[in-house]
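Colleague: Quick one: structure below, then a few questions.
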Amino acid sequence: MEPIKQSSEHSLPPVSLPVYLTRFVGREQECATLSSLLLSKRLLTLVGAGGIGKTRLALQIATELSSSFPDGVYMIELASLSDPQLVPQAITSVLNIRTDRDISLSSFLKSALGERHVLLLLDNCEHVLTECAPLIEALLQTCPHLHILGTSREPLRVAGETIWRMAPLPSPDPEQNYSIEQLARYESIQLFCERAAESNPRFRLTSHNAPAIISICHQLDGLPLALELAAALLPMLSVDQLAARLSERFVLLKHGRRNADARQQSLQATLDWSYALLTPAERALFPRLAIFAGSWDLDAMEQICAAATPESTAIVDSLVYLVNKSLVVAEEQEGWERDTVEVRYRLLDTTHQYALEKLQQDGSLQQVSEQHYTWYLHLAERANEHLYGAEQVVWLQRLEMETANLRAALSRALTAGYLDAAVRLADALRRFWITHNHFSEGRYWFETLLMADSDDHRLSPPLRARALFGAAEFARYQGAYNRTCTLLEEQIALLETLDDKLGIAEAQTYLGLTAGLQGDFERGISLCQTGLAFYRNVGHNQGSANALTTLAFLTLAQGHYQQAITLSEEACQLLRETGDHVHLLYALFTLAQAALFLRETEQARTACREALHLAQAQAQTYGIAASLGLVGGLAGMEGQPTQAARLFGAAKALQDRIQAPHPPAGRALLERMVLSISAALGKEQFFLHYSSGQASPLEQILLEAEAVLQTVPASPASVLPTSLPSSSPSISSALAGLSRREREILALVATGLTDAQVAQYLLLSTRTVSKHLQSIYTKLNINSRSAATRFAFEHGLV
C-alpha cells in the first residue's frame, strides 16, 4: 500500500510529525500501554486538564507506531481553529490533498483515505467538537484501516471511542522522607530536574534542595506544563524562593517557549482557554467549587452551590460536564458506609486557585463560605449524635473523609470573627478528634478560640464554657494537667452563674479524673462521687457510666483491685446499654488491668480481647496502644516474657506516634508489668525484644496479640510478682510478721528491681521504700538484698 498520493508537487513524507528538541520524560509504561491499545482500538482519545501533557504523550505514541501505518502518520493541530467548520480543511491541508470537484471535503476525505492504513493525530479537539465528532465517526465507518488518536479536554462521545483520562505525573508526599534514589523515581521530579538542568546545566537533585523540589512538584499537582514553566525560572530564582512563591503561580508561571501556542505560554492562559469553553451554567458553578477543601460529595455540592442554578438536576449536569472537560477530578473511593463505593470530586490545586480567584472576583465568597459552614456544622452535629452508638464507626469514617472541609469551615468562621459559630463546630467535632487521636488538632482549635475571645469578638457564656471544656479535655490527653485544672475550674465557676447543673457535674467528673491523674486521689474520688450522685439522681445513664469509669480507674491506681473490677463491670453494663463504645473502651482497660493484678487470667483475657477489637473497629490508635500493653501484661503472666516485651515496645511506638503519653498514674500501673518482664528477661534481652516490637509492622503485632489472646495455658508460669493478702493461711510465722506493703516490696526486690524501680512500681518515694526495706531486714534478721531474695524464693513470694 502506497502512502496517500498528493496532488501538490510538494508531497509530504509518510510521517508528518513535529520534532521536539527536549527528551520525553516519564509515562513510559503509559505510552507502551496506549500504543498497544491504539493498534486494537481504532479511536483513542487522551483526555485531561490543560497542561497535563496530552499532546506530548500523543506525539510519542504516534512516533513509536509510525512503522505500523505504511500509508502515513499525520498530526493535525486544531487549537488555532476559530470555526469548527474548518476541521475538514485542516485535515486535508496536512494531508496535502486538494480537489477542484464540487464535492464536500468530508466526502473527499472518505474517498482519499479509503482502504489506506493511516494514523491521524487530532490535537486539541475540545473547542471544535461539534464538527470534529461527526467527521471522525463518519471516517471510521467508511475507512476500515484508519486509526485516530485524539487529544481533548473532554471526550468526543463517538461510537467506538476509547477514553484514556490522563492523571498528573506522580509526586512525592511532602510529609514523608525519601532518599535521593527514591525521589529520582518520581516522574514529576524527573521532569522538573531535567528541564531545570536545561535552564541551568549545573543543576542537580541533592539532599539540600530536595525538600523544596518536593514542595514545588506537590504544589503544582505534577502538571507537566506548570513544572516546565517553573523550571524555566531557576536562573532567576532558587528552588527555595520558587517553592515559597507558588501562591502567586499565575503571576510567576507565564514565560513559556516563544514558539508555543498562546494558551501554553502561561499557566493562566491554559486555564483561561478551558474557562472560555464553559457554558453559562458551568461558569456559574465552577468558581463555587473552590469553596471546598480537599474533596466533596454530591450532597454537599447541591446544598452549598445551590445558588448557581435553581434546579438540582441542572447543577449535577453542570458538574458532570466540568468533569468531562477535565476541570474537576472524579475519583472512586471506599464509601463511608461499609462495603460501599462512592465517587468524590476535587479540584487540582492549581485549578482550585484559579477558581477561587474567580469566586472572589464575582463577590460571592462570603455567601458561599456561610453556606459551606452551615452544611458542615449540620454534618458534624448529625455525626456527633451517632458517635456513642452502633453507627459510630460509619460516622467516624464520614468525618475523617471530610476533615479538610471541616478545617476550612472552622478556619473561615474564626477568621471572620464568628466565634460562637466556630465553637459550635469545634464542640461537635470534639468526640471525633478524641476517638481518632487528633489530640493536637483539637487542643489547637479550642485554645485558639479562647484566645480570640476579646472585646472585639466575644463568645457567649454558654459557648465559652464549651470552649473551656474542650481545651481542658485535650490538655489532659496531652499530659498538661495544671492547665486542665485551671480550665475546668474556670468552666465550673462560669457554669454556676448559668445554673447549668448537668454541665457542672460533667466538669467535676473530669476535674476529679485530672486530680487523680496527678496523684490527689482523695480529691479526685470526692469530685467523681459528687458527679455520680447527681447523675444517678436525675437518671442520666451516660453521665453515670462516665463517672463510674473514672472512679474505677482512680480506685485501681490506689491498689484496690477488686473494687476497681466491681465499678468497671457496672460501668461496662451501662455503656453497653447506651451503646457508648468510646467510654466502654476505657472501662475495659481498667477491668483488664485490675484482673491482671488479681491474677484473674480469664477475666483479663476477655476484657483485653474486647478492648483490642473495639479499638481496632474505631481506628482508635490510643486504644490499640493501651490494649497491646495489657495483652503484653497477659503474656507476661502466662510465661511469655519475650512476647510481652515486644507488645510493650509496639504499644510505646504507637503512643509516641500520636503524642498522647500515659498519665503518671496510668504509666505507673503499666510499668509495674514492664519492670517485671525486664527483671525476668534481664535488661539486655528485654531491650532487644522491646526494640524489635517498636520497629515491627502493626499488622504483625496485632497477629501476635491475637495469638496471646487465644492461648489458654494449663498452668500459668507467671513472671508478674504476687501480692499476697495478709489473711493468707499459707504465710509462715516469719512472713506473718511483715506488713502487706513489706511483703509487696520484698517480692519486688527479689525480682531484681532497685529501690527506685520498686518506688515507681508502687507509687511510693524511694526513701519510703528504703525505710520499709530496713524494717524487713530487721524483722527477718538479715542484712543484704541477696539474703532477702533467697528468703522470698524459699517462702513462695516469687
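Colleague: Measuring from label point to label point, each 7 Å out along Cα→Cβ, what is the Glu331 to Ala167 span in nm?
Modeller: 0.8
Colleague: Next question. Count the DSSP beta bridges whose two residues both fall in the chain, then state the antiparallel fraction as a percent rounded to the nearest 5. Let's see the in-between values first.
Modeller: Values: 8 of 29 bridges.
Roughly 30 percent of the DSSP beta bridges within the chain come out antiparallel.
Colleague: What whole-number value in cubic angstrom gives the convex hull volume per residue for the C-alpha atoms of the stretch 15-125?
Modeller: Details: hull volume 13.4 nm³, N = 111.
So the per-residue Cα hull volume is 121 Å³.
Colleague: Sort the following peptides by mean Cβ neighbour count (other Cβ atoms within 10 Å, averaged over residues), highest first: 346-354, 31-39. Working shown, then result.
Modeller: Working: 346-354: 21.4, 31-39: 16.2.
The most tightly packed comes first, giving 346-354, 31-39.
Colleague: Once you place label points 7 Å from the Cα toward the Cβ at Ser238 and Gln563, how far apart are they in nm?
Modeller: Inter-label distance under the simple model: 6.5 nm.
Colleague: If you don't mind, another one. Using only Cα atoms, tell me the angle between helix 349-361 and the longest principal axis of the chain; keep it within 0 to 90° and round to the nearest 10.
Modeller: The answer is roughly 80 degrees.
Colleague: Excluding same-chain residues fewer than 8 positions from Lys779, which aspartates and glutamates have a Cα within less than 18 Å of its Cα?
Modeller: Glu742, Glu744, Glu794
Colleague: To continue, here is another question. With viscosity set to 0.890 mPa s at 25 °C, what whole-number translational diffusion coefficient in µm²/s follows for the stretch 473-594 from Stokes-Einstein and a Kirkwood radius over Cα pairs?
Modeller: Values: Rh = 14.3 Å.
It diffuses with D of about 172 µm²/s by this estimate.
Colleague: At a 1.4 Å probe, what is the % contribution of carbon and sulfur to the accessible area of the stretch 506-620?
Modeller: Working: 1980 of 4080 Å².
Carbon and sulfur: 48 percent of the exposed surface of the stretch 506-620.
Colleague: Which entry is the computed percent of Cα pairs over 51 Å apart for this structure: [x] 36; [y] 19; [z] 14?
Modeller: [x]
Colleague: Okay, moving on. Sum -39500 (n - 2.57) across every DSSP H segment of at least 4 residues in the chain, then divide by the residue count to get the 222 nm mean residue ellipticity, nearest 500. Intermediate values should be presented prior to the final figure.
Modeller: Details: 39 runs with 492 residues, N = 798.
Theoretical 222 nm ellipticity from helices: -19500 deg cm²/dmol.
Colleague: For the chain, take the longest principal axis of its alpha carbons; what is the angle in degrees between that and the long axis of helix 601-617, to the nearest 10 within 0 to 90?
Modeller: Value to nearest ten degrees: 20.
Colleague: What FRET efficiency do you get for Thr340 and Ala617 if R0 is 25 Å and r is their Cβ-Cβ distance, rounded to the nearest 0.05?
Modeller: Details: r = 17 Å, r/R0 = 0.69.
Plugging the Cβ-Cβ distance into 1/(1 + (r/R0)^6) gives 0.90.
Colleague: Can you tell me, using C-alpha contacts under 8 Å and at least 6 residues apart, the relative contact order of the chain as a whole percent? If you can, show how the numbers build up before the last one.
Modeller: Values: 1227 pairs, mean separation 51.3, N = 798.
Reported relative contact order: 6 percent.
Colleague: Shifting gears a bit: Calculate log10 I(q)/I(0) of the stretch 499-562 for q = 0.25 Å⁻¹, where I(q) comes from the Debye formula with a single equal point scatterer on each Cα and nothing for solvent.
Modeller: With one equal scatterer per Cα and no solvent, log10 I(q)/I(0) is -0.95.
Colleague: On to the next question. Debye calculation, C-alpha points only, no solvent: report log10 I(q)/I(0) for the stretch 209-253 at q = 0.13, 0.31 Å⁻¹, in the same order as the q values.
Modeller: For the requested q values the scattering log ratios are -0.21, -1.36.
Colleague: Excluding same-chain residues fewer than 8 positions from Lys652, which aspartates and glutamates have a Cα within less than 14 Å of its Cα?
Modeller: Reachable aspartates and glutamates: Glu671.
Colleague: Cut-off under 28 Å on the C-alpha distance; same-chain residues fewer than 8 positions from Lys110 excluded. Which lysines are left, in chain and number order?
Modeller: Lys5, Lys41, Lys54
Colleague: Moving on. Want the number for Glu248 to Asn781: 0.36 nm per residue separation, take away the alpha-carbon distance, what's left? Mind showing how you got there, number by number?
Modeller: On the way: separation 533, 0.36 × 533 = 191.88 nm, distance 8.26 nm.
That works out to 183.6 nm of additional length.
Colleague: Magnitude of the Cβ-charge dipole of the stretch 468-623, K/R +1 and D/E -1, about the Cα centre, nearest 20 debye? Walk me through the intermediate numbers first.
Modeller: Numbers: 9 positive and 16 negative charges, 81 e Å.
With Lys and Arg at +1 and Asp and Glu at -1, about 380 debye.
Colleague: Counting C-alpha atoms alone, how compact is the stretch 336-407: give Rg to one decimal and Dmax as a whole number, in angstrom.
Modeller: Both quantities, over Cα of the stretch 336-407: 15.3, 46 Å.
Colleague: Moving on. Just going by the charge dipole of the chain, with Lys and Arg at +1 and Asp and Glu at -1 on Cβ, which of Thr555, Gln620, Ala404 is farthest out on the positive end?
Modeller: Thr555
Colleague: How much accessible area per residue does the chain have, counting only protein heavy atoms and a probe of 1.4 Å, in square angstrom? Let's see the in-between values first.
Modeller: Details: 34270 Å² over 798 residues.
Each residue of the chain exposes 43 Å² on average to a 1.4 Å probe.
Colleague: Out of the trypsin sites (Lys or Arg not before Pro) in the stretch 433-482, which ones are loop residues according to DSSP with at most 14 other C-beta atoms within 10 Å?
Modeller: Values: sites: Arg443, Arg458, Arg464, Arg466, Arg476; in loops: Arg458.
Of the trypsin sites (Lys or Arg not before Pro), the ones in loops of the stretch 433-482 whose Cβ has at most 14 other Cβ atoms within 10 Å are Arg458.
Colleague: Here's another thing I want to ask about it. To test your reading of the geometry: what angle, between 0 and 90 degrees and rounded to tens, separates the Cα axis of helix 129-142 from the longest principal axis of the chain?
Modeller: 70
Colleague: For the chain, give the magnitude of the charge dipole about the Cα centre (Cβ charges: +1 Lys/Arg, -1 Asp/Glu; no others), in debye to the nearest 20. List each step's numbers first, then the result.
Modeller: Working: 65 positive and 84 negative charges, 444 e Å.
In total the dipole reaches around 2140 debye.
Colleague: Assign unit charges at the C-beta atoms only (+1 for Lys and Arg, -1 for Asp and Glu), then state the dipole size of the stretch 18-127 relative to its Cα centre in Debye, rounded to the nearest 20. Before the final figure, lay out each step's value.
Modeller: On the way: 10 positive and 11 negative charges, 35 e Å.
Using only the charged Cβ atoms, the result is roughly 160 debye.
Colleague: Right, here's the next one. Which whole-Hz couplings ³J(HN,Hα) result when phi for each residue of the stretch 246-251 is put into the Karplus expression 6.51 cos²θ - 1.76 cosθ + 1.60, θ = phi - 60°, listed in order with x for Gly and Pro?
Modeller: These are the phi-based 3J(HN,Hα) values: 6, 5, 9, 4, 6, 7 Hz.
Colleague: Determine, from the Cβ-Cβ distance of Met451 and Arg23 and an R0 of 60 Å, the FRET efficiency 1/(1 + (r/R0)^6), rounded to the nearest 0.05. Don't skip to the answer; put the middle values down first.
Modeller: On the way: r = 54 Å, r/R0 = 0.89.
Efficiency for this residue pair is about 0.65.
Colleague: Just to be sure I understand the model, the point goes 7 Å from the Cα along the line to the Cβ. What's the resulting Ala276 to Glu441 distance in nm?
Modeller: Here the modelled spin labels are 4.1 nm apart.
The values are calculated or read from the model by the stated rules, or taken from the named source; none is laboratory data. Keep in mind that this is a model prediction, so the values were computed, not measured. All Cβ positions, glycine included, derive from the backbone under ideal geometry; neighbour counts span all protein chains shown. Heads up: the accessible areas ignore ligands, DNA and RNA and are worked out on the full protein's heavy atoms, side chains in. Shrake-Rupley method; radii C 1.70, N 1.55, O 1.52, S 1.80 Å.
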